[in-house]
1. Counting alpha carbon pairs within less than 8 Å and at least 6 residues apart, what relative contact order, in whole percent, applies to the stretch 231-310?
2. Quick one: putting +1 on the C-beta of Lys and Arg, -1 on the C-beta of Asp and Glu, what dipole do you get for the stretch 532-643 around its Cα centre, in Debye to the nearest 20?
3. If ligands, DNA and RNA are left out, what is the accessible area of Leu730 with a 1.4 Å probe, given in Å² to the nearest 10?
4. Could you tell me whether the stretch 27-182 comes out rounded, prolate or oblate from its Cα gyration tensor? Rule is a ≥ b ≥ c as square roots of the eigenvalues, rounded for a/c under 1.5, then prolate if a/b exceeds b/c, otherwise oblate.
5. Taking the Cα centre of the stretch 721-845 as origin, work out the dipole magnitude from +1 charges on Lys and Arg Cβ and -1 charges on Asp and Glu Cβ, in debye rounded to 20.
6. May I ask for the angle, rounded to the nearest 10°, between helix 884-899 and the longest principal axis of the chain, with both axes built from Cα atoms and the value confined to 0 to 90°?
7. I'd like the carbon and sulfur percentage of the solvent accessible area for the chain, probe radius 1.4 Å, heavy atoms only, ligands and nucleic acids excluded.
8. Taking the chain on its own, what percent of its Cα-Cα pair distances exceed 60 Å?
Amino acid sequence: MSYSCLVIGAGFSGICSAIQLQKQLGITADIVESTSSVGGTWHTNTYPGCQCDIPSHLYSFSFELNSDWSAYFSPQPEIWDYLRRVAQKYDLYRTIQFNTTVQRAEWDVQCNMWKVIIQPADQPAYTKYYHFVFSCIGGLRIPQIPDQFTNFSGQIVHTAQWNSNIDFKNKTVAVIGNGASAVQALPQLQKLAKHVFNFQRTPTWVSPREQFSYSQWAKLYFRWVPFAMRFYRWFLYWQRELRFQMIQSPDGTFARKVREIFTQSIHQRLHQAGRQDLIPILLPKYSVGCKRITQSEDFYEALCQSNVTVIPHGATRVDGNKVIASNDEVVEADILVLATGFQVHNRFGHFDIVGRNGVSLKDLWDDASPVTYKSVSVANYPNYFMMLGPGSALGHNSVVCMIEHQVNYAVACIKRMQRYNLAYIEPKQEAAQRFTDKLNKDLQGTAWLSGCSSWYLNKHGVASTVWSGTVTSFWWTLKWFAMDDYHQTKATKSLFSGICAAIQVEKEFGVKATIFEALSDLGGTWWANQYPGAACDVPSHLYSLSFEKNPNWSERFSCQSEIHAYLQGVARKYNLYDQAMLNTEVVSADWQEAEKKWKLTVRENGAAATHAMYFDAVFAGLGPLRVANIPKEFKDFQGPIVHTASWDSSLDFTGKRIAVVGSGASAVQAIPKLQPVVAHLTNYMRTPTWCKPRRQYHYSTLVKFIFRWIPFALRLYRFSLYFRYEVQYLGFRYYNTAIGKAVRANFLKQVKRRCMAKGRPDMYEKLMPTYEVGCRRITPSECYIESLCESNVYVDRSGVASVNGRTITSKDGHEDTFDILVLATGFNTVGFLGNLQVNGRDNVNLNKLWDENYPDTYKTVGIHGFPNFYMLLGPGSALGHNSVVTMIEIQVANAIKCLKQLRGNVKAIEPTLEAQNSFVAGLKKNLSKTVWATNCGSWYTREDGQVFSLWSGPVFTFYWLLRNNDFHRDFIKHTSSKI
């Protein structure tokens, strides 16, 4: 199955997620990043002295070791540069949308996908559906800016939003806070400022930083002896792991020894600076590790300088340029620096995620402490994975290791989905609660809960941010996958025909039909066709099952993803999951005369071996838009080739020269999406198409509400659409009358008007069809003609003469070289059966029969010589003016009537040859009077010019013909005795 995935954030977590999704699953994820570059916190935090407090060789990906780290602890620019190089190496920039935010993600229970609203900085918001969402936004993202400081009259800056234009030279600076950013920034500011006041509500444990630079010899050694660098990383890892003892047992021997060392270090450093008076102020009274330990070789030394004053009280408010401490001490300052950290427990910010139960995760976690499963998943939020979420921060080791473990676990979840054929994966509430309860129990007695106030604790007093053990124990916890802890809901696959048939068979007979599907997900053509702009040209409310109307269609003409989602929802509602065999090809169907059954030979998951299954009846809901038509002359093109029916979403069209072959529905929809992003587009158009404006509009919330709660209103609206489209048949039947001429004149007027509006009157002749309106399928679009009139588009009407390498030569001698070739060449509709070989009575092969002759059927459903075999959307049942979904329902109802004849000794039924011949003769006669028979060369006709795929009249006449069968005159009934 081809999954879609959204990664929110392009820091360490987002980059790791996108790489592993591609490496392990072949999924190219969309990445949304709110800033202008990759890097996350290492891109946004640029305050002076910003650096990591974890060794460089440990604070990096295990699959992307870096031999060129300059120092033991790397500065922010070097870490940011590392992340940019990794993103470049894995081609992530191609799928990252910068300066873009996710406003909302809501689980759609009908299609089992995330409906995500994405907001680019300079464009309107848009909605897109994803199977998975990876939340990689991290906790160190939203600055904590206390309201009481925002009215400061001087310059104010937060360390997480540093303004490099501020000049600190000879200024009086007030620094509020003494966490990691203050410890790193203050020594740099002290060198510039006239005076620095540091407001410290609570002192922090600052250990000496054992910084050193790596020599060129060390870098060469790491580069050319890879095992040495991995061994060195392993050494650093275990050195850090051992430090967890002081956090796990703050009153233990190891913790006491560490505290003695730290205390001695503080005394020694302040004594050396001659500032023993600062010892009572700067010596913490809480356990080492209760707050995050900071490292610096110059923080205490900076505080001892004559131009620095430590105020051992928190700042409570400002008055103009005055900063007032909790003891009412007043300081006048030119610049206020807020080193006040982040809103760790409000990581979502503007982003709202709504789960399967309709509850906002942001609101849920605001009201109560977070409950997660293994820190990665959340109950009621399927296919949603968090990186560095609650329960995964550390106080002793590298969070990059934690990220990798979390990403690998999320990937394992998706692999389980594939293996067990699940629609989604979601932990059970009781499993998540059990995990969280154990986590909180293990946290009891640790340094984090030893009595201080820190960002590790939420407002409920729970240390919800941190993992309770070592990184090794985290790896071990996530190594094991317990399927019993997850909801196991199976998925299904079918298209409109198959879903409708399966539902009606169960309704009428109580029989659960087996659904075979060669693809890996439901939707038929609406799953397979994912080219840009893919949409239906029949109104949504008409292009749906009459017994499953959908009040929530978002717009008049729905896009591919929404129709696909609708079909998934219908299948789920009717519990078709256990009936479906996905990734299963039916190789052949052979009628077994003695048993009066069909023997189906099937191949599962592309295996070489096949096996047989037996059925009383077969519905062939293959559909005509299934087998892509790929002209042989283009197979020698040396660059990437993509057909609209098998789109490759990994291809990057940005700035490329592309050729689009074809002018049918897929070309009309795809070209307007491709034209704005390509450098040049040539459309090889053998024959132009009749294109009318698509009157698209969105349904308002009020309209949806009315449709939902006033069913008659929805039914009446659907009928009005049906009637409106039925009337269009008159233009096809009476094309050579005043009606047809008026329709043609209106179309020509519209084409000319649209070309003139774009200042391209020369395009009118190129885009004006010479055949009758409706002879080929009419394609609606509001921007196709406009796109062809753009300066970076060339329309070639002469046809293709040759293809050599990447150069295409047209018949008028025009040559052009292309990066990508797009085939919008439609489908092989003559091959209604595709690769499926159907052998009926007397071993007559239906494929050969239809290849050599007109595809005869009885009322488009039954076939003489093929008992209990029913075609859906086969020859004679497609439309040029209305919804084929209505045709499918009529055909299924007719087939059900036939199956109801199988009672008593009657085991099979088929139409007589006379009845079939009579029906086909009438169909051909009626089709000969329509515009489709004017021989314009379309997929409606065979090579001999005969119209074979379409119904010859309005949908109403189809219903009237199929509403009843004369089973005594027109059918042969086979009993259990031999015929």
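1. Details: 42 pairs, mean separation 21.7, N = 80.
The normalised contact order for the stretch 231-310 reaches 27 percent.
2. Numbers: 11 positive and 13 negative charges, 23 e Å.
The calculated dipole for the stretch 532-643 is roughly 100 debye.
3. 80
4. On the way: a/c = 2.39, a/b = 1.34, b/c = 1.79.
In terms of gyration-tensor shape, oblate.
5. Numbers: 17 positive and 13 negative charges, 131 e Å.
Here the size comes out at about 620 debye.
6. Long axis of 884-899 versus the principal axis of the chain: about 60 degrees.
7. Values: 21480 of 41290 Å².
Summing carbon and sulfur atoms, their accessible area is 52 percent of the total for the chain.
8. Numbers: 114667 of 478731 pairs.
The answer is 24 percent, as a whole percent.
The values are calculated or read from the model by the stated rules, or taken from the named source; none is laboratory data. Note that the structure is a prediction, hence the values are computed from the model and not measured. Cβ sites come from the backbone with ideal geometry, for glycine too, and all protein chains shown count toward neighbours. For accessibility, only protein heavy atoms count, side chains too; no ligands or nucleic acids. Shrake-Rupley method; radii C 1.70, N 1.55, O 1.52, S 1.80 Å.
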